[in-house]
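Trainee: For reference, the structure I am asking about is given below.
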Amino acid sequence: MSPTRPASTRNLTIFLSLIIGIIVGLVVVAFILLTGRLAARMYPAGGAAWRRVLIPSAGALVTGYLLSRYFPNARGSGIPQTKFAIFINNGYIALKTTIGKFLCCSASLASGIALGREGPSVHIGAGIASVLGRRFGLATEDVKKLDPAGCSAALAAAFNTPIAAVLFSLEEILGDLHAPVLGSVVIASATSWMVLHLVLGDQPLSHVPSYQLVHPVEFGFYAILGLIGGLASVAFVKLLLAIRAWFKTFPKKSEWIQPAATALGPTIRMRKVCKPVWSWQTFLPQTDMTRSYSLSFCCSIPTLRMIFPSGSRSHVCTWWPDRRRAPKSRIAR
């Protein structure tokens with residue numbers, strides 16, 4: 001914490017970090033259980049094939065309507081929106097947006113939409129931290145410093161990774177590993193992780209098969225796979241942003257039906273190709289390729305870093321629904 005801040009404010013921030021860790025941990029646990037149990041009902045063992053087509057489309061239709069009608073600020077993956085709140089919107093995330101993110105993402109995940117827990121959890125955690133900071137009367141700068149604590153608490157509970165959650169909040173959200181909010185981030189992350197273990201037990205959320213190196217030549221293939229993965233990831237991001245910009249040219253009244261329309265085609269194709277085994281713990285398809293993910297991911301990091309330098313915040317506003325309404329001085333940075 002900054003030495004120039006009053007002792008009362010520092011103490012309140014530490015106290016709120018503990019409270020944020022507890023509340024965010026419970027909310028993320030509820031998020032995990034809700035999505036898992038809804039998915040078990042929507043995709044029962046031996047269920048009919050039509051469920052794989054109609055349920056994702058219906059889920060996209062319902063969430064699209066809710067986002068368009070009631071929760072417009074809950075759109076997006078969650079991480080760009082959190083950065084926007086911290087760097088441009090003075091750390092402000094409305095309670096309505098947080099509730100909408102929880103409800104819509106729970107329905108989307110349970111219905112089988114290709115969405116992970118990372119982004120929604122970050123946005124929900126930051127929203128809870130923002131609401132608590134404002135309710136306790138903290139200044140704007142102090143509320144902004146609490147948001148990363150909510151992010152780390154959410155990731156720690158969502159993936160059972162307290163240390164990785166701290167690093168993610170500092171490097172990806174803030175872009176500064178030496179940020180003065182390190183103490184709050186660590187406290188919130190550790191507290192949320194303990195809440196996760198108290199509620200769900202000590203079982204790992206993801207079971208990774210054991211890996212054995214057969215021949216050193218494998219490292220060369222992993223490096224090639226990492227390079228291809230890095231380039232493919234960049235192409236995917238650019239394509240995603242281009243398609244998003246294209247959809248913004250559509251009439252505004254069609255926003256609520258766009259998710260369902262775009263989900264139907266890929267759903268029919270992917271459900272024929274992939275038959276995932278849903279697990280309430282990971283909510284990801286379990287495959288035999290898991291053993292090669294970690295090494296290939298590490299190899300893809302240098303490629304991504306060369307294209308997107310660390311600490312760059314120029315992409316914070318790329319998600320903004322109408323760039324003309326965002327502060328021009330911030331977009332130009």
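The values are calculated or read from the model by the stated rules, or taken from the named source; none is laboratory data. Treat the numbers as computed from the prediction; the structure is a model and nothing was measured. As a convention, Cβ positions derive from the backbone with ideal geometry for all residues, glycine included, and neighbour counts pool all protein chains shown.
Let's see how each residue does on (1) surrounded by 24 or more Cβ atoms within 10 Å (Cβ to Cβ); (2) touching a residue at least 60 places away in the same chain (Cβ under 8 Å):
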position: Thr97; (1), (2): no, no
position: Ala107; (1), (2): no, yes
position: Gly112; (1), (2): yes, yes
position: Gly119; (1), (2): no, no
position: Gly125; (1), (2): yes, yes
position: Gly137; (1), (2): no, no
position: Asp147; (1), (2): yes, yes
position: Cys151; (1), (2): yes, yes
position: Phe159; (1), (2): no, no
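Trainee: Suppose we keep only residues that are in contact with a helix residue (DSSP H, G or I) (Cβ under 8 Å, 6 or more places away or on another chain) and part of a loop (DSSP other than H, G, I, E, B) within region 179-205. Which one would you say is nearest to Leu26 (Cα to Cα)?
Mentor: Within region 179-205, the match that is nearest to Leu26 (Cα to Cα) is Leu205.
Trainee: Same structure again: Taking region 238-260 on its own, how many of its residues are exposed (fewer than 11 other Cβ atoms within 10 Å of the Cβ) and assigned to a loop (DSSP other than H, G, I, E, B)?
Mentor: Qualifying residue count for the region: 2.
Trainee: Same structure, new question: Which members of region 1-57 meet the condition of being of a type in the set (Gly, Ala, Ser) and surrounded by fewer than 16 Cβ atoms within 10 Å (Cβ to Cβ)? Step through it out loud before you land on a result.
Mentor: So in region 1-57, the residues of a type in the set (Gly, Ala, Ser) come out as 2, 7-8, 17, 21, 25, 30, 36, 39-40, 45-49, 57.
Scanning region 1-57 gives Ser2, Ala7, Ser8, Ala30, Ala40, Ala45, Gly46, Gly47, Ala48, Ala49.
Trainee: On to the next question. Provide a single number: the residues in region 148-178 that are closer than 21 Å to Phe31 by Cα and outside any helix (DSSP H, G or I).
Mentor: 2
Trainee: Of Leu109, Leu103, which residue is at pLDDT 90 or above and at negative phi?
Mentor: Exactly one residue qualifies, and that residue is Leu103.
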